[in-house]
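Inspection log for the structure reproduced underneath, given as structure tokens.
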Amino acid sequence: MAQTHIPIWKFYYYLNSIYEKNSREYSAVIVSCVSRVLGSNNMLSNEQVSQYQDQGFVVLDEIIEQSTLDQLKAQAAHIVQQWRDDSRSHTFTTEHNNRSGDDHFLQSAETIQCFFEEEAFNEEGELVQERALCINKIGHALHELDPVFEEFSHLPLLGEIAADIGIKQPQIRQSMYIFKQPRIGGVVNWHQDATFFYTRPQSVVTFWFAIEDATLENGCLWVERGGHKGPLRERFNLDDRTTSMVSLDDTPWPTEQSGQPVEVKAGSIVIFQGRLPHYSAPNRSDKSRQAFTLHVTEASSEYASENWLQANELPLRGFN
Ligand SMILES: O=C(O)CCC(=O)C(=O)O
């Protein structure tokens, strides 16, 4: 049957707009049936699936509605406002990965914690700008523990996308709300997400949602096109309460010369494979660059017991 180029996600949102909010599941089922009858790849076109396979990433432009983005943004601000643990030690950095005995970090695997930007404090230990503009990220179990993020993270729409890129039984392992604050937004060094979510065979996929426009100016993502075909360079392991970064391969990391910036509009989703090297630069602009991420693995892959993040208490679920 001939392929269709109907942007199915538009149809999905059209259905959502005529049904009640809690009827999203029906919308997804109808979209799924219609797209299968039409012979399409549901949410992604054939070209987008090929791009994901060949280059390791794909961008779905402006697919999430502004009202949903506003809701997520407001909820993230609310979590920060409620969080009252202003210890300077709760700082997030990718400059070093020794988080041994760091209870705040280790507990965040199955709770919701805020982390400060590395440059949040001056030499006197005072916050350098308004408190809400000093938080680097919220992690790592928003998808299970916060009602607003829980609803969004399990949307059937995301299940349709996951199916298109070949994930048979998705399991959401982690969620993060990243602020990339104005002026002090920290660098995220080049890395591969399979380092943190090691499975046999490799299966982790990242869903990166632009809550705001991401530009060169405010620290957009960078990727190495096709870099997912290279080796996994490192593994991040937890043994007892000690974390370590274990080197597997000394292939050099990409640079801004060999990498490619991924500037996207708010509401876009960047989906990338676990071995794709990616990075984001510090944000020195006056605008934040907020994003929400989900890391998803395949249930049939063996999830390494050494990975720092384990589902001990929380359920391990996919999309609705
Ligand atoms: O948003 C960023 O700056 C980096 C996010 C990232 O590296 C990830 O989610 O794996």
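Here, each number is a calculation from the coordinates, and none is a lab measurement. Since we're looking at a predicted model, the values are computed, not measured. For neighbour counting, all protein chains shown are included, and Cβ atoms are generated from backbone atoms with ideal geometry for every residue, glycine included.
For ARG225, list long-range residues whose amide hydrogen, built 1.01 Å from N in the peptide plane, is under 5 Å from its own amide hydrogen.
The answer is GLN260.
Figure the gain on full extension for SER305 and GLU110 (residue separation times 0.36 nm, minus the Cα-Cα span) and round it to one decimal in nm.
68.6 nm
Multiply the residue gap between ASP54 and ARG131 by 0.36 nm, knock off their C-alpha separation, and tell me the result in nm, one decimal place.
23.5 nm
Could you grab the Rg to Rh ratio for segment 54-303? Cα atoms only, Kirkwood for Rh.
Values: Rg = 17.2 Å, Rh = 18.4 Å.
Ratio of gyration radius to Kirkwood radius for segment 54-303: 0.93.
Can you list the equivalent-ellipsoid semi-axes of segment 105-202, largest first and in whole Å, using the square root of 5 times each Cα gyration tensor eigenvalue?
Calculated on Cα positions only, the semi-axes equal 30, 16, 13 Å.
When a footprinting reagent is the concern and you count Cβ atoms within 10 Å, what order do CYS220, CYS114 take, fewest first?
So the ranking, lowest neighbour count to highest, is CYS220, CYS114.
What order do you get for GLU130, GLU47, GLU110 when you list them from fewest to most C-beta neighbours inside 10 Å? List each step's numbers first, then the result.
Numbers: GLU130 8, GLU47 12, GLU110 16.
Lowest to highest Cβ neighbour count: GLU130, GLU47, GLU110.
Note the full-extension length gain between LEU314 and LYS229 as 0.36 nm times their separation in residues minus their Cα-Cα distance, in nm to one decimal.
Once the chain is fully extended between LEU314 and LYS229, it gains 27.3 nm.
Taking the Cα atoms of segment 156-206 alone, what are Rg (to one decimal) and Dmax (as a whole number) in Å?
14.2, 41
What is the list of residues in segment 193-217 whose amide nitrogen lies under 20 Å from a point 7 angstrom out from the Cα of ASP249, following Cα to Cβ?
Once the point is set 7 Å along Cα→Cβ of ASP249, 193-206 turn out to lie under 20 Å by backbone N, inside segment 193-217.
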